[in-house]
Amino acid sequence: MAQLDSIIRFQKWELDNKRRDLAAVEQERDLIIDQLNALIAELEQESHNYNQEINDFSVLQMGAFADGIRYKRETLEIELNLKNEEVETHKEIVTEAFQVLKTYEVAQENRSKAEQKELARQETMILDEQGLQSFVRKQDS
C-alpha cells in the first residue's frame with residue numbers, strides 16, 4: 001500500500017509540473033495574441049490619423065507602415081499557430097499524466113477494497129470459530 005502511495009504522490013507531482021508547463025505555454029500564446037491585438041489597434045490608429053491629414057508624404061508613409069504591419073502580423077500569426085500546436089501537445093501530455101495517475105489511484109482503491117474484504121473474511125472466520133467453540137462448550141456442560 002505504501003508503495004502505491006509513493007507512486008501516486010510522484011505522479012501527482014509530475015502532473016502538477018506538466019500543468020505548470022501547459023500554463024506557461026498558454027501564457028506565451030496569450031502574449032502573442034496581445035501583440036496581434038496591439039498591432040491591429042496601432043494600424044487602426046494610424047489609419048485614422050492618415051484619414052485626418054492626407055498628403056503625398058503621408059501616402060508613402062502609410063504604405064510603408066501598412067507593409068511593415070502586414071509583415072509583423074504574418075510573423076505573429078505563424079508564431080501563434082506554432083504556439084497553438086505546442087499548447088495542444090502539452091494538453092495531450094497533461095491528459096496522459098492524469099490517466100496514469102488515475103490508473104494508480106484505481107489500483108490503490110482496488111487493493112484497499114481487497115484488503116478490507118480479506119479482513120472482513122478473517123474476522124468472520126474468527127467469530128465463527130468462537131461461536132462454534134462456545135456451542136461445543138455448552139454442549140459439553
Item to complete: Provide a single number: the residues in region 84-100 that are under 13 Å from the mean Cα position of the chain (by Cα) and over 16 Å from Asp30 (Cα atoms).
Response: 9
Practice prompt. Please find, among Glu96, Glu86, the residue that is without any contact (Cβ under 8 Å) to a residue 60 or more places away in the chain and either over 17 Å from Arg19 (Cβ atoms) or assigned to a helix (DSSP H, G or I) (or both).
Written response: Glu96
Item to complete: Collect the residues in region 15-46 that are acidic (Asp, Glu) and under 11 Å from the mean Cα position of the chain (by Cα), keeping them in residue-number order.
Response: Asp16, Asp21, Glu26
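Val106: touching a residue at least 24 places away in the same chain (Cβ under 8 Å) and either surrounded by 10 or more Cβ atoms within 10 Å (Cβ to Cβ) or over 30 Å from Ala24 (Cα atoms) (or both), yes or no?
Judged against the criteria, Val106 is not a match.
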Item to complete: Could you look through region 28-63, keep only residues that are loosely packed, with under 10 Cβ neighbours inside 10 Å and in a helix (DSSP H, G or I), and pick out the one that is modelled with the highest pLDDT?
Response: His48
Item to complete: Return yes or no: is Thr103 β-branched (Val, Ile, Thr), out of contact with any Gly (no Cβ under 9 Å at 6 or more places or on another chain) and within 30 Å of Asp5 (Cβ to Cβ)?
Response: yes
Fill in: Inter-residue pairs, beta-carbon under 7 Å, first more than 18 Å from Asn81 (Cα to Cα) and free of Cβ contacts under 8 Å to residues at least 12 places away in the same chain and in region 10-32, second part of a helix (DSSP H, G or I) and of a type in the set (D, E, K, R), 6+ apart
none
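The values are calculated or read from the model by the stated rules, or taken from the named source; none is laboratory data. Model, not experiment: these values are computed from the prediction. No Cβ is skipped: glycine too gets one built from the backbone with ideal geometry, and neighbour counts run over all protein chains shown.
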